[in-house]
Amino acid sequence: MLLAILMIYYQTGTTDLQVLLTTEFSESRQILYWLAFFASFAVKVPMVPVHLWLPEAHVEAPTAGSVILAGILLKLGTYGFLRFSIPLFPEATLYFTPLVYTMSVVAIIYTSLTTVRQVDLKKIIAYSSVAHMNLVNLGMFSLNAQGVEGSLLLMLGHGLVSPALFLCIGALYDRHKTRLVKYYGGLVHTMPIFAVIFLFFTMGNIGLPGTSNFVGEFLVLAGCYQTNSIVGAIATTGMILAAAYALWLYNRVVFGMPKPEYINSFSDLNRREIAMFLPLIICTLWMGVYPEVFLNEMHASVASLIQHGSFR
């Protein structure tokens, strides 16, 4: 990406984004620059096959690191596509849209299936994040208002739900010093407040109507379906697989019989932890029930982006 920026500076004499947005690059130059930017942003999203750093980073990071990584840092890749690649190189964006669609669909299906077989709680949420961020990619490269606005809303929703799930895992790890699913079971009997909060964010991760992710995913799939109905239909299976791995995880951790041979001391969430979850719960419900507040702020910018690129 740095090399591409230096080449742009060498060609135009400036790195001012407002000036570059009015600069016409040749198609061959656009393709070269787009690929250079893509090589950076694809890792940051992350897209398959350059995604393996994320689960490992989450497993090694403390809870606070995982929250920052899932809530903020992952969004830099998709933000980069939206802020730089799409408006600066519109012809190359159209040229490479099939590539992005293919990589994103593969990532959604592959990482969702990979999530099902994970045994570490953090890796399950991490692979789930990869699938959701690639769904964001699909909406963004549908290049219509519904898709782009849906991808932005899904980024915001994912930035609430995924960190909350990592906080839930962190609460368990602080108490029991393990993240392996096999050691947990029957927490509904001993940690009922945790069970309710974990259920809420599990439903949010699936995209249950009334939660933030539902509105974003619905708009993404609607926008994607307008552009390519086959890709939209395949991407929809990602939501089905999300329900499979999320509900199965919840069932194994919260329901069933307790396992006193592994864990025999329990304490539910304390006031500090509940106070930490409350803003995330309120914002997730707010975005799910009344997303218009957020969408109204996007309309003008998204319309300008689409008009600038003359995509529709």
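Filtered by the rule that a residue be touching a residue at least 40 places away in the same chain (Cβ under 8 Å) and of a type in the set (D, E, K, R), the stretch 95-128 gives ASP120, LYS122, LYS123. Here the stretch 51-73 is the region considered, the condition is being out of contact with any Lys or Arg (no Cβ under 9 Å at 6 or more places or on another chain) and not in a helix (DSSP H, G or I), and the residue that is nearest to GLU149 (Cα to Cα) is HIS51. For the stretch 183-194, the tally of residues that are modelled with pLDDT of 90 or more and either surrounded by 20 or more Cβ atoms within 10 Å (Cβ to Cβ) or within 14 Å of ASN264 (Cα to Cα) (or both) stands at 1. Taking the stretch 260-282 as the range and being open to solvent by 80 Å² or more (accessible area, probe 1.4 Å) and over 20 Å from LYS182 (Cα atoms) as the test, the residues that pass are ARG271, ARG272, LEU278, ILE282.
Looking only at residues in the stretch 145-177 that are of a type outside the set (A, V, I, L, M) and open to solvent by 10 Å² or more (accessible area, probe 1.4 Å), the one that is nearest to SER85 (Cα to Cα) is GLU149. Only one of the numbered conditions (1) modelled with pLDDT of 90 or more; (2) under 14 Å from ALA42 (Cβ atoms); (3) under 17 Å from the mean Cα position of the chain (by Cα) is not met by TYR127, and that is (2).
Only one entry in MET257, MET239 is in contact (Cβ under 8 Å) with a residue 24 or more places away in the chain, under 22 Å from ALA171 (Cβ atoms), of a type in the set (A, V, I, L, M) and open to solvent by 10 Å² or more (accessible area, probe 1.4 Å), namely MET257.
When the helices (runs of 4 or more DSSP H) confined to the stretch 224-312 are screened for residues that are over 27 Å from PRO192 (Cα atoms) and modelled with pLDDT under 85, those reaching at least 3 such residues are found at 292-309. The requirement of being of a type in the set (Val, Ile, Thr), modelled with pLDDT of 90 or more and closer than 15 Å to MET133 by Cα is satisfied by VAL43. Every condition in (1) more than 24 Å from GLU261 (Cβ to Cβ); (2) assigned to a helix (DSSP H, G or I) holds for GLY210 except the one numbered (2). What do you reckon, is LEU180 under 30 Å from ILE86 (Cα atoms) and open to solvent by 30 Å² or more (accessible area, probe 1.4 Å)? Criteria not met by LEU180.
This table checks each residue for (1) on the phi > 0 side of the Ramachandran plot; (2) within 30 Å of the chain's Cα centre (by Cα); (3) part of a helix (DSSP H, G or I).
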site	(1), (2), (3)
GLN11	no, no, yes
PHE25	no, no, no
GLN30	no, yes, yes
VAL43	no, yes, yes
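Taken together, the residues in the stretch 67-122 that are among the basic types (Lys, Arg) and buried (at least 18 other Cβ atoms within 10 Å of the Cβ) amount to 2. For beta carbons closer than 7 Å, sequence separation of 6+ or different chains, a first residue in the stretch 289-302 that is touching a residue at least 40 places away in the same chain (Cβ under 8 Å) and a second that is open to solvent by 50 Å² or more (accessible area, probe 1.4 Å) and not charged (D, E, K, R), the qualifying pairs are PHE294/LEU156.
The values are calculated or read from the model by the stated rules, or taken from the named source; none is laboratory data. Every value quoted in this text rests on a predicted model; they were computed, and no experiment measured them. Here Cβ is always computed from backbone atoms with ideal geometry, including for glycine, and neighbour counts include all displayed protein chains. For accessibility, only protein heavy atoms count, side chains too; no ligands or nucleic acids. Shrake-Rupley method; radii C 1.70, N 1.55, O 1.52, S 1.80 Å.
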